[in-house]
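K.L.:
Quick one: the structure is below, and I'll ask about it shortly.
The numbers here are math on the coordinates, done by the rules we state, and not lab data. The structure displayed is predicted, hence computed values, not measured ones. When we count neighbours, we look across all protein chains shown, and the Cβ atoms used for this are built from the backbone with ideal geometry, even at glycine.
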Ligand code: AMP
């Protein structure tokens, strides 16, 4: 079994979807990732919160095999806050407010327990912070990173450097085009060529999320296309990407697997399943109460749905 660590945002989110509005609920990329990945293997979480954060919540995470010794509590500061809304098919979040707060000047100093991490997920957060954490891990086996429009706009140069040294990059389709500076509407570049362009920047695998249209993964050896696990109950897509990544990394780390085609295909399917549970309710309400048995059920159903 590998050792899985994540760095990413730990947040209070206010989210509005056609199914309701919830204010200041637990969120952040590291939270969604950890709750999802811990269905497969223990997770070490690195991040920062302000002294307004409910510490009982972190204690509850411990019951789910999530270690939070790497979460700093900054006195006199506020926790990261994000406000977003979804409309129509809810495939894209509209960010209305992003307050970095405690993350603004966060300089992580990793503890010894983190340094022998073998599977590292650099969840969506300041790319410089992603680099700082990666540099402190002694011998990572697999490093995958995520990002979003906010960071592509403000710190693309750091992302370009990061993509050279990670094994995998996860983006959604709009972010892929934004990164390549192609118009999302006009898509003046073929989709596969766009993926190839990103692959040529350095990573071994590029994973592109397409919301309810599924996911694609491209490496120099393979191309995989997997549908989403469609459900009737879709209330809040926040964290879909992070819980998807949690399923991928949790599965790979639990079995000490690499990025070969078979392992990736199964990992993508587990990520698809964890994301499908996450979007059925707001915040982590649903995902927190899911069992491994339910994950395995949907994994089997997904295989049947592909009907090959
Ligand atoms: P996802 O829907 O998987 O892309 O992730 C949603 C989560 O990302 C929310 O819980 C937010 O708190 C968090 N988030 C939003 N904007 C940012 C940002 N600029 N950096 C890091 N995390 C963010």
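K.L.:
From the square roots a ≥ b ≥ c of the eigenvalues of the alpha-carbon gyration tensor of the range 161-244, which class results: rounded (a/c under 1.5), prolate (a/b over b/c), or oblate?
P.N.:
Working: a/c = 1.78, a/b = 1.47, b/c = 1.21.
Prolate is the answer for the range 161-244, as a/c is 1.5 or above and a/b outweighs b/c.
K.L.:
Let me ask something else about it. Order these peptides, 267-274, 97-104, by their mean beta-carbon neighbour count within 10 angstrom, highest first.
P.N.:
On the way: 267-274: 25.6, 97-104: 17.5.
Descending packing order for the listed peptides: 267-274, 97-104.
K.L.:
Here's another thing I want to ask about it. What distance in nm separates the simple spin-label points at residue 291 and residue 204, each placed 7 Å from Cα in the Cβ direction?
P.N.:
Going by the 7 Å Cα→Cβ label model, 3.5 nm.
K.L.:
Can you tell which of 204, 232, 141 shows the greatest fluctuation in a Gaussian network model of the chain with Cα springs below 10 Å?
P.N.:
For the chain, modelled as a Gaussian network with Cα springs under 10 Å, the answer is 232.
K.L.:
A further question on this structure: Roughly what would the spin-label model give for residue 150 and residue 25, points 7 Å off Cα along C-beta, in nm?
P.N.:
1.8 nm
K.L.:
R0 = 30 Å: FRET efficiency of residue 85 with residue 59, Cβ-based, nearest 0.05?
P.N.:
On the way: r = 31 Å, r/R0 = 1.02.
The value I calculate is 0.45.
K.L.:
Using the Cα gyration tensor of the range 185-285, with a ≥ b ≥ c the square roots of its eigenvalues, what is the shape: rounded (a/c below 1.5), prolate (a/b larger than b/c) or oblate (neither)? If you can, show how the numbers build up before the last one.
P.N.:
On the way: a/c = 2.27, a/b = 1.27, b/c = 1.79.
In terms of gyration-tensor shape, oblate.
K.L.:
Would you please state which residues of the range 49-72 a label at residue 99 would reach in this model, taking the label point 7 Å out along Cα→Cβ and a backbone N cut-off of under 15 Å?
P.N.:
Residues 49-54 fall inside that zone.
K.L.:
Further, regarding this structure: What number, rounded to the nearest 500 deg cm²/dmol, is the helix-based mean residue ellipticity at 222 nm of the chain, given -39500 (n - 2.57) per DSSP H run of at least four residues and division by all its residues?
P.N.:
Values: 10 runs with 113 residues, N = 308.
The helix contribution divided over the chain gives -11000 deg cm²/dmol.
K.L.:
Can you tell me which of 251-262, 142-153, 24-35, 48-59 comes out highest on packing, and rank the rest after it, using the mean Cβ neighbours within 10 Å?
P.N.:
Numbers: 251-262: 17.7, 142-153: 20.5, 24-35: 27.0, 48-59: 16.2.
So the order, starting with the most tightly packed, is 24-35, 142-153, 251-262, 48-59.
K.L.:
Give me the Debye-computed log₁₀ of I(q)/I(0) at q = 0.09, 0.10, 0.14 Å⁻¹ for the range 124-266, equal point scatterers on Cα only, no solvent, two decimals.
P.N.:
Treating every Cα as an identical point scatterer, log10 I(q)/I(0) equals -0.27, -0.33, -0.67.
K.L.:
Moving on. Once the convex hull of the C-alpha atoms of the range 80-128 is built, how many Å³ does it hold per residue, rounded to a whole number?
P.N.:
On the way: hull volume 5.5 nm³, N = 49.
Each residue corresponds to 112 Å³ of Cα convex hull volume.
K.L.:
While we're looking at this one, here's another question. Alpha carbons only, please: Rg and Dmax for the chain, in angstrom.
P.N.:
Final numbers for Rg and Dmax: 17.7, 56 Å.
K.L.:
Is the range 48-204 rounded, prolate or oblate when judged by the Cα gyration tensor, a ≥ b ≥ c being the square roots of its eigenvalues, rounded requiring a/c under 1.5 and prolate requiring a/b larger than b/c? Write out the running numbers ahead of the final one.
P.N.:
Details: a/c = 2.10, a/b = 1.36, b/c = 1.54.
It is oblate, given that a/c is not under 1.5 and a/b is not larger than b/c.
K.L.:
Could you tell me the convex hull volume per residue, in Å³, taken over the Cα atoms of the range 256-303? Don't jump to the answer; show the numbers that get you there.
P.N.:
Numbers: hull volume 4.1 nm³, N = 48.
Per-residue hull volume (Cα only) is 85 Å³.
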